[in-house]
1. So which residues in the stretch 45-79 are of a type in the set (S, T, N, Q), in a helix (DSSP H, G or I) and closer than 15 Å to SER238 by Cα?
2. Which one of these is in contact with a Gly (Cβ under 9 Å, 6 or more places away or on another chain), more than 29 Å from SER125 (Cβ to Cβ) and small (Gly, Ala, Ser): ALA195, ALA209, ALA228?
3. Looking at (1) touching a residue at least 60 places away in the same chain (Cβ under 8 Å); (2) closer than 27 Å to SER203 by Cβ, find the lone condition where ALA37 falls short.
4. Could you tell me whether the stretch 104-115 includes any residue that is over 18 Å from the mean Cα position of the chain (by Cα), at pLDDT below 90, surrounded by 14 or more Cβ atoms within 10 Å (Cβ to Cβ) and assigned to a helix (DSSP H, G or I)?
5. Which of the residues belonging to the stretch 127-158 are of a type in the set (S, T, N, Q) and buried (at least 19 other Cβ atoms within 10 Å of the Cβ)?
6. Here are some conditions: (1) within 27 Å of ALA228 (Cα to Cα); (2) modelled with pLDDT of 90 or more. GLY133 meets all but one. Which one does it not meet?
7. Name the pairs: first residue in the stretch 81-94 and under 20 Å from THR193 (Cα atoms) and in contact (Cβ under 8 Å) with a residue 24 or more places away in the chain, second residue of a type in the set (S, T, N, Q) and part of a helix (DSSP H, G or I), Cβ to Cβ under 6 Å, at least 6 apart or on different chains?
Amino acid sequence: MLVHSRKARWAVWAVFLVLFLLLFALPLLVVLGASFATHWSGVLPSGMTTANYRVATRGEALEALTTSLVTAAVASLLALTVGTWAALAGAALRKRYRRLLDALFVLPVAVPSVVVGLSVLVAFSQPPLLLNGTRWIVIVAHTVLVTAFAHQSVSAALARLDPAFEQAAASLGARPSYVLLRVRLPLLLPSLTAAAGLCLALSMGELSATMMLYPPDWTPLPVLIYAATDRGALFTGSAVAVVLMAATLLVLLAVSRVRTRASYR
């Protein structure tokens, strides 16, 4: 740490702990407490029950959770494919063209996601690509929103990649396709899995663009949470939010295990 005094270090840790509790832990604990409550008129919730979770893990909520998982998985796979391809192609470009490519990929996250949703809605509401009213328009919007993170992650990993491995393979007569599939991509695997985890987490929580696009038969879980709280079912909505957080955490833990094995290899 940059602080060398023991008292100063304790002060820094104390400030960090207070800020962490107030800004991160407390809101999550409030949602967790509300998910088990039927009333909250005082400092603490009352009427503790698990009925909210029975609603949050059945019927419409379970279907919405499946929708979110499928949307996040497909969007992340598409984003990882496009982002990796663009990063590999951009690595061979001149510096100014590479900056232009980076700017194009960052543009969707530089504007509000509702603008991205509107753009996708306008772009795919007319032939030849008529996706409005289908699940694919939601997946496309999520892909557009998370591709920037996949591209930036892979680009940063490529910049740190030692070219000696590729040069050694090429000097031994390996074709460019072999070098790409057996040398570059395996070396990039930890970064690819990290990018996949980030894309999955962002897609699971996306709401603004989704609200503009989702059809009635493809309702992701964040939309269901918003609908529940909007009609006053705050405790049920809190339980659904906890289910969403738990599902996202489990997905990220699974991806982190893949990343750990990839790093070990």
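1. Our first condition is that a residue be of a type in the set (S, T, N, Q); within the stretch 45-79, this holds for 46, 49-50, 52, 57, 66-68, 71, 76.
Narrowing further to those that are in a helix (DSSP H, G or I): 52, 66-68, 71, 76.
Across the stretch 45-79, the qualifying residue is only ASN52.
2. Every option except ALA195 fails the conditions.
3. Of everything listed in (1) touching a residue at least 60 places away in the same chain (Cβ under 8 Å); (2) closer than 27 Å to SER203 by Cβ, ALA37 misses just condition (2).
4. no
5. Residues satisfying the conditions are THR143, THR147, SER153, SER155.
6. (2)
7. Between residues of the stretch 81-94 that are under 20 Å from THR193 (Cα atoms) and in contact (Cβ under 8 Å) with a residue 24 or more places away in the chain and residues that are of a type in the set (S, T, N, Q) and part of a helix (DSSP H, G or I), the close pairs are VAL82/THR147; GLY83/THR147; ALA87/SER155.
For every residue, the table says whether it meets (1) farther than 16 Å from SER76 by Cα; (2) of a type in the set (A, V, I, L, M); (3) in contact with a Pro (Cβ under 7 Å, 6 or more places away or on another chain); (4) surrounded by 15 or more Cβ atoms within 10 Å (Cβ to Cβ).
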{"position": "GLN167", "(1), (2), (3), (4)": "yes, no, no, no"}
{"position": "LEU192", "(1), (2), (3), (4)": "no, yes, no, yes"}
{"position": "CYS199", "(1), (2), (3), (4)": "no, no, no, yes"}
{"position": "MET212", "(1), (2), (3), (4)": "yes, yes, no, yes"}
{"position": "PRO215", "(1), (2), (3), (4)": "yes, no, no, no"}
{"position": "VAL251", "(1), (2), (3), (4)": "no, yes, no, yes"}
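The values are calculated or read from the model by the stated rules, or taken from the named source; none is laboratory data. Please read these numbers as outputs of a predicted model, since none were measured by experiment. Heads up, the Cβs are rebuilt from the backbone with ideal geometry, glycines too, and the neighbour counts pull from every protein chain shown.
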